[in-house]
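For reference, the structure discussed in these notes is given below.
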Amino acid sequence: MATRIKTKTLAAVPQSKNDCAQSIRLLGDLQREFERERAAMNDAIGAITQQHQPKLSDLQQRIEALQGGVQAWCEAHRTELCGEGDKLGKTANLVTGEVSWRLRPPSVSIRGVDTVLETLLRMGLGRFVRVKNEPNKEAMLNEPEAVRGIAGINIVTGVEDFVIVPFEAQAEAVSAQREDLRLQVALDVWTAYQNLTTATQTVRTTADLLASAEQSERVALGRYKAGVGNILDVLNAQSALASARLQRIQSLLDWHVSRATLARAVGALDNRLLLPPGERPAP
């Protein structure tokens with residue numbers, strides 16, 4: 001069978017400035033098509049992986065369970081399988097396969113490398129610290145004349161890379177960024193509006209709560225002065241009134257913050273459109 005030899009596509013050299021511009025446009029089209037195809041490929045790979053992952057996970061669990069069971073039995077019957085004493089072997093043939101015990105080479109595990117290095121050097125155990133020597137390329141670039149002519153060192157400067165940026169590709173990226181910004185602004189405005197709506201309702205609720213607390217305090221105080229109520233009722237009513245006033249102040253603060261947030265989100269806002277009924281200033 002003959003061997004197929006791949007050759008690079010010959011560069012199509014434009015013959016004029018207009019041809020060059022058309023080639024750049026085509027380049028942008030091909031680049032976008034390439035990205036779409038790569039995205040489709042990644043989606044297909046993801047779909048295939050998702051399709052087969054449950055089966056692979058099940059098989060892996062079964063494999064690990066069987067391996068654990070075989071090892072447990074073999075460990076319990078190692079003498080029977082491999083002999084004992086000096087004749088203790090490391091491999092056993094079980095007809096359908098073999099099992100073996102392999103001694104791992106010695107290893108060192110280190111946690112907290114910086115602390116270990118400091119301790120070794122402080123204790124005079126520098127022989128256990130390995131220092132890697134390597135050429136300092138940054139220093140060579142700063143002093144190229146000092147190393148010029150040394151075999152194996154080649155300092156390259158002044159090399160240009162030719163870059164083509166099709167405008168349509170840029171426009172597409174800018175358009176995508178603009179759309180993301182538009183969606184984010186819309187989300188910010190919607191969120192700010194919902195927060196303001198909630199704050200407005202809270203302002204109305206706390207107004208009713210404050211009016212009710214003031215009425216209760218007046219009634220409790222009147223009953224106490226008339227001698228039919230006790231001081232505890234008055235104190236409770238006054239405490240509820242203080243709490244209602246605090247909630248009223250907090251609700252107004254939250255409302256103003258929400259209004260300012262919405263104003264910032266939309267860029268400009270007529271305050272009169274956002275004031276609760278009964279609190280709008282005269283035109």
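Please treat every number below as a calculation from the coordinates, not as lab data. Computed from a predicted structure; not experimentally measured. Cβ: placed from backbone, ideal geometry, glycine included. Neighbour counts: every protein chain shown.
Scan around GLY229 for amide H atoms under 5 Å from its own, H built in the peptide plane at 1.01 Å from N, and keep only partners 5 or more places away or cross-chain.
So GLY229 has HN proximity to TYR224.
Of the listed peptides 145-152, 249-256, what is their order by residue-averaged count of other C-beta atoms within 10 Å, with the highest listed first?
249-256, 145-152
Once phi is turned into θ = phi - 60°, what whole-Hz ³J(HN,Hα) does the Karplus curve with 6.51, -1.76 and 1.60 give for every residue of segment 122-132, x standing for Gly and Pro?
5, 8, x, 9, x, 5, 9, 10, 9, 10, 9
Out of these labelled values of Cα Rg over 2.2 N^0.38 Å, (1) 1.03; (2) 2.14; (3) 0.96, which was calculated from the coordinates shown here?
Label of the calculated value: (2).
With runs of 4+ DSSP H residues as the only contributors, calculate the mean residue ellipticity of the chain at 222 nm using -39,500 (n - 2.57) per run, divided by the residue total and rounded to the nearest 500.
Counting only the DSSP helices, I get -23000 deg cm²/dmol.
Hey, what do the phi angles of segment 152-165 turn into as Karplus ³J(HN,Hα) couplings, whole Hz, using 6.51/-1.76/1.60 and θ = phi - 60°, x for Gly and Pro?
x, 10, 10, 9, 10, 9, x, 7, 9, 9, 8, 10, 10, 10
Kindly write out, for segment 237-247 in residue order, the coupling ³J(HN,Hα) from the Karplus curve 6.51 cos²θ - 1.76 cosθ + 1.60 (θ = phi - 60°), rounded to whole Hz, with x marking Gly and Pro.
Using θ = phi - 60°, the values come out as 5, 5, 5, 5, 5, 5, 5, 5, 5, 5, 5 Hz.
Of CYS74, CYS20, how do they rank once you tally other Cβ atoms within 10 Å and put the fewest first?
CYS20, CYS74
Out of every Cα-Cα pair in segment 17-81, what percent are more than 16 Å apart?
Value for segment 17-81 (Cα pairs over 16 Å): 71 percent.
Which order do peptides 109-120, 216-227 fall in by mean Cβ count within 10 Å, highest first?
Going by the mean number of other Cβ atoms within 10 Å, highest first, we get 216-227, 109-120.
How high is the relative contact order of segment 187-273, in percent, with contacts defined as C-alpha pairs under 8 Å that are six or more residues apart?
47
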